[in-house]
Amino acid sequence: MSPLDPVLGPRSRLTLVVEESRIVEIWVNGRAPLIGLHDYDWGETDPDANRDAEGFPFTPINWKGPAWALGLSLYPPEQEDNPMAQPVLKTIPIEQLHISKLNMRHSRKAPDVSDILPSIREKGIRQTLLVRPEGGGYGVVAGRRRFHALQVIAAETGKSIAVPCAIMEAEDDAAAVEASLIENVARLPATEMEQYNAFGKLAHASRTVEEIAGHFGVTELKVRRILALANLSGPIRALYAKDEIDPETIRALTLATKDQQAEWLALFRSETERAPMGRACKAWITGGAIITTDKALFDLATYDGRITTDLFGETGVFAYADAFWKAQSAALAAKVETYIEAGWRNVEVLERGMYFASWEHVKRARTKGGSVIVEVRHDGTVTFHEGYITQAEARKLEKRARPGGDAEATETKPEMSGPLAQYIGLHRHGAARATLLSHPGIALRLTVAHAIVGSALWTVRRHEFLARKEDIQASVDGSRATAKMNAAGDHVHRLFEAHGLASLRANGDAYHLSEVFAALLGMDDTETLNVLAFVMADTMEAGGPIVEAVAVATETDMVAYWKPEPVFLDLVRDKRAINAMVADIASPSTAKASLTDTGKAQKELIWNRIIGEGCEASPDWRPGWMQVPPTRLVGDAGSPPADAWARIACLFTPDADDVSPENQPVAEQRVA
């Protein structure tokens, strides 16, 4: 705790969620905070800046973008690969600015800026334009409306305007498109075709679907649906851009092969035929698809099913789809085996009807870890896309290729999805624990292993002797009980060393837990019980009812483990307790006679009785606090050990009061 914590209160807990070396989420005390930025640009771009407590100018910004766009990084600036994180600030004459070709709306007519003109005329722009070097000037990536408003003002005044700008790297097209999209989509929704063009630019610049969705604040499913327009031919996309095809039909057409799209387009343009639309289009593509013989991977001479021919006799048609798919699947399996034998790292067969998302992959040769992606369409077409890896895998390979990176090859794609792995794991867990019910000996050893190591569900800590006073610590460390525990601990460690374990760690690691469990399975019952007794003793909490319960259950002999010592008497302060001990070790009359003596004098009397100074020694005397069960020395005073025993006495003593202290009046609890 810092010296200011009592004044300011405890510090908030900040959590940064990191994925692939980039901060993607920020949490404060378990919640996503409202982020406010103080942009200290020293008044260069904001003439009406706010002032902080020390008088320095800054521009307040309410941040609404993704956490990663704050420029937070795990690397120093010279290693940061995001050029947007450290843009160069500069004022540029408006004549040198134009709308960038990478701006999302670069080809549109000039926007209506009447709503922002009055403010900009009076105060100028409060936010810099984001620009990049293009040609002989700078292209405006973000800030198109502000730029047009400044052009209006320049025309009105006849004077040039120096525009505050943040200059990006010229080479990073992806970051420029990204910045334009983030600004524009948040302000004005775009059509699906505009989104397709914008998303496509980011996808070709190696941005993943997850990243694109995060930038726009939309679902990954929406991004995938928009990017699926890439599967359409140019003429069909043109018709959709002109609103001549409805969204339901266009989404159905994304499932079609190139031949099917060409056939549909011919029907659409025909003056006598009608192209299927909406749901009818999807049914036309997938439901009753005609599978022609040219789609077969297998030898038609070996096919047992029925094949019909069209009127022209050029191609045959499989009469029964089920029979075709049975033969096609067998041929496809053989083809996959051929690829694997040829040295391909992985061959992935997509679910029937799913298309190959080229924008999520990059080309990679077989010798460099490339995979084969197999696309199977409803009309029987099978396409083998050779030499691809996902963009995520490509980034991992690039990272490993950097100095100091991991040189190992990229990992093979897991054979289980997340939900499937959970399904298998839960059923295996259920079977294992149901069987464990019939093996108490194994369960005992597993319990001991958990108590030693811990796990995600077990948090076990050793009792640490951490006394506030050094003399108390020294007394406990030098006690007979501590010596016995230390000897038992040494014995347990020797047992595990004999089974190949040199050390025991309470770190919750699953592998180490299994190591300890395996060693316990090699021990007999006596050895296992000795380990269990030590572990339980080592992890038993101090100062509570369980200590009193164990002392009574084990008939603990306090005389064997503790004897009165000077440090004990030094710690006693209550004169009522001191006088009660005098009555116990000497006599009630002696206690009455010394009632007015100082506490120090009475302690000396007690000590003399213990060691036999002028009387018979009483080395086995123990105050009520150190008896089993414990008793209080002062009837109406609080006493932790006696209070703890009073709470549980009814559980261990048949004739004890059945009413627990929680249900007693406070006054009765104090004298219980």
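The values are calculated or read from the model by the stated rules, or taken from the named source; none is laboratory data. Keep in mind that what you see is a predicted model, and the values were worked out from it rather than measured. Backbone-built Cβ (ideal geometry, glycine too); neighbour counts: all protein chains shown.
When region 604-630 is examined, which residues are found to be under 17 Å from Ser587 (Cβ atoms) and part of a helix (DSSP H, G or I)? Glu604, Leu605, Ile606, Trp607, Asn608, Arg609, Ile610, Gly624 - these are the residues of region 604-630 that are under 17 Å from Ser587 (Cβ atoms) and part of a helix (DSSP H, G or I). Within region 555-594, if we keep just the residues that are of a type in the set (Lys, Arg) and part of a helix (DSSP H, G or I), the residue that is surrounded by the most Cβ atoms within 10 Å (Cβ to Cβ) turns out to be Lys575. Applying the condition of being part of a helix (DSSP H, G or I) and among the β-branched types (Val, Ile, Thr) to region 239-262 and asking which residue is nearest to Ala280 (Cα to Cα) yields Thr249. Considering Pro665, Pro654, the condition of being under 23 Å from Asp557 (Cα atoms) and at pLDDT below 90 is satisfied by Pro654 alone. Filtering region 218-248 to residues that are in contact (Cβ under 8 Å) with a residue 60 or more places away in the chain and surrounded by fewer than 21 Cβ atoms within 10 Å (Cβ to Cβ) leaves Arg224, Ala228, Ala230, Asn231.
Within region 196-240, take every residue that is modelled with pLDDT of 75 or more and among the hydroxyl-bearing types (Ser, Thr, Tyr) and give me the one that is nearest to Ala266 (Cα to Cα). It comes out as Ser233. Taking the stated definitions as given, is Gly500 closer than 30 Å to Ala432 by Cα and either modelled with pLDDT of 85 or more or polar (S, T, N, Q) (or both)? Yes; evaluated as a whole, the condition is true for this residue. Taken over region 520-554, residues that are surrounded by 13 or more Cβ atoms within 10 Å (Cβ to Cβ), polar (S, T, N, Q) and assigned to a helix (DSSP H, G or I) amount to 2. Restricting region 507-518 to residues that are closer than 11 Å to Val448 by Cα and aliphatic (A, V, I, L, M) leaves a set whose member that is surrounded by the fewest Cβ atoms within 10 Å (Cβ to Cβ) is Leu513.
In region 484-512, the residues that are closer than 15 Å to Asn530 by Cα and in the same structural domain as His450 (by TED's automatic domain parsing) form Cβ pairs under 6 Å with partners that are at pLDDT 85 or above and surrounded by 13 or more Cβ atoms within 10 Å (Cβ to Cβ), at six or more places apart or across chains, as follows: Ala488/Phe534; Val492/Val531; Val492/Phe534; Leu495/Glu527; Phe496/Ala519. Quick one: is Leu457 under 23 Å from Met540 (Cβ atoms) and in a loop (DSSP other than H, G, I, E, B)? In short, yes.
Output the residue which, of all residues in region 241-282 that are among the small types (Gly, Ala, Ser) and closer than 21 Å to Phe356 by Cα, is modelled with the highest pLDDT. So the residue we want is Ala262.
Considered as a group, the residues in region 23-63 that are among the small types (Gly, Ala, Ser) and modelled with pLDDT of 65 or more include one that is surrounded by the most Cβ atoms within 10 Å (Cβ to Cβ), and that residue is Ala49. In region 313-411, counting only strands (runs of 3 or more DSSP E) that sit wholly within it, the ones holding 1 or more residues that are modelled with pLDDT of 85 or more, crowded, with 16+ Cβ neighbours inside 10 Å and of a type in the set (S, T, N, Q) span 371-376, 382-390.
Figure legend. Inter-residue proximity from region 596-616: first residues more than 13 Å from Val582 (Cα to Cα), second residues among the small types (Gly, Ala, Ser), beta-carbon distance below 9 Å, spacing 6+ or different chains. Indicated pairs: Ile611/Ala617; Ile611/Ser618; Gly612/Ser618; Cys615/Ala586.
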